[in-house]
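Okay, so here's the structure we're looking at.
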Amino acid sequence: MIKALFCDFYGTMVFEDDEPIGATVERIYQSGRAEGKEEIGAFWSRRFCALCAEAFGEGFRTQRDLVLQSLQETMDRFHSDENADELCRYQFEYGRKPPIFEDAKPFFAQCPIPVYIISNIDTDDLHSALCFHGLQPAGVVTSEEARAYKPRGEIFTLALRKFGLAQGEVVHIGDSVSSDVMGAKAAGIPYIWINRKGKARPAGVDREAADLLAALSML
């Protein structure tokens, strides 16, 4: 019996930071030496993901630290003289007040079981965004609290323990195949992939919904 939902936040309930990331990539492109903006974005994404994968346990570092380091490495790679702290400021401010998907609040209102947020974002930034939109989940677990990032299992294990739930009593809902789907599968938790953009279903993904309200109908 499903007693609760674990839900990702950024990209699932609120918009990802594509806008500030795009603006930052543009400034690096204009000030540095790269063949194209896609090259910059891809390098930055790879470095950020690699740093997240390395940051767990005693070696954990906040997402803000990892964003700043990966951005500085990207600027060095493409010989940009922009200021990393200044460029990150817009992204961090955006993350504290992100635009919300129109189905997020109805999802909370209509969900008949508790909703817990399981997020890779830093704790203070997540609480700021929740407060900004007046969202009140039953509980929250962040990577900062678990000292590990999805798809590692620590964040899911902590959430189960913290909220007194078993693997078969929850479903994890999220938009990221690599973090949410693979993380939940590795933790033995059923999942629903939120596919807002109508992407082709990746191999190994067998449960998807177009949005949060569609996901509710699958429970």
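Values quoted throughout were computed directly from the atomic coordinates according to the rules given, and no laboratory measurement underlies them. All values derive from a computational prediction rather than experimental measurement. For neighbour counting, all protein chains shown are included, and Cβ atoms are generated from backbone atoms with ideal geometry for every residue, glycine included.
When only alpha carbons are used to place a centre, segment 10-66 and segment 198-219 end up 26 Å from one another. Where both partners of a DSSP beta bridge lie in the chain, what percent of those bridges are antiparallel, to the nearest 5? The answer is about 5 percent antiparallel. Round to the nearest 0.05 the FRET efficiency obtained for GLU102 and ALA166 when R0 = 45 Å and r is the Cβ-Cβ distance. Here the calculated transfer efficiency is 0.85.
Let me have the 222 nm mean residue ellipticity of the chain computed from DSSP H runs of 4+ only, each contributing -39500 (n - 2.57), with the sum over all residues rounded to the nearest 500. Helix-only estimate at 222 nm: -14000 deg cm²/dmol. The Cα-based radius of gyration and maximum Cα-Cα distance (Dmax) for the chain are 17.6, 56 Å. Report note on the peptides 18-26, 81-89, 167-175: ranked by the mean count of other C-beta atoms within 10 Å, highest first, their order is 167-175, 18-26, 81-89. Segment SER128..ALA42, full-extension length gain: 28.1 nm, with 0.36 nm per residue of separation and the alpha-carbon distance subtracted. The relative contact order of the chain comes to 25 percent, based on Cα pairs under 8 Å that sit 6 or more residues apart. Dipole check for segment 18-96: with +1 at the C-beta of Lys and Arg, -1 at the C-beta of Asp and Glu, and the Cα centre as origin, the magnitude is about 100 Debye. Taken over segment 142-219, the alpha-carbon convex hull comes to 91 cubic angstrom per residue. For segment 39-53, the residues whose backbone nitrogen is under 18 Å from a point 7 Å from the Cα of ASP65, taken along Cα to Cβ, are 47-53.
Please work out the FRET efficiency for the pair CYS49 and LYS3, using the Cβ-Cβ distance as r and a Förster radius of 25 Å; give the result to the nearest 0.05. Step by step, r from the Cβ atoms, then E = 0.20.
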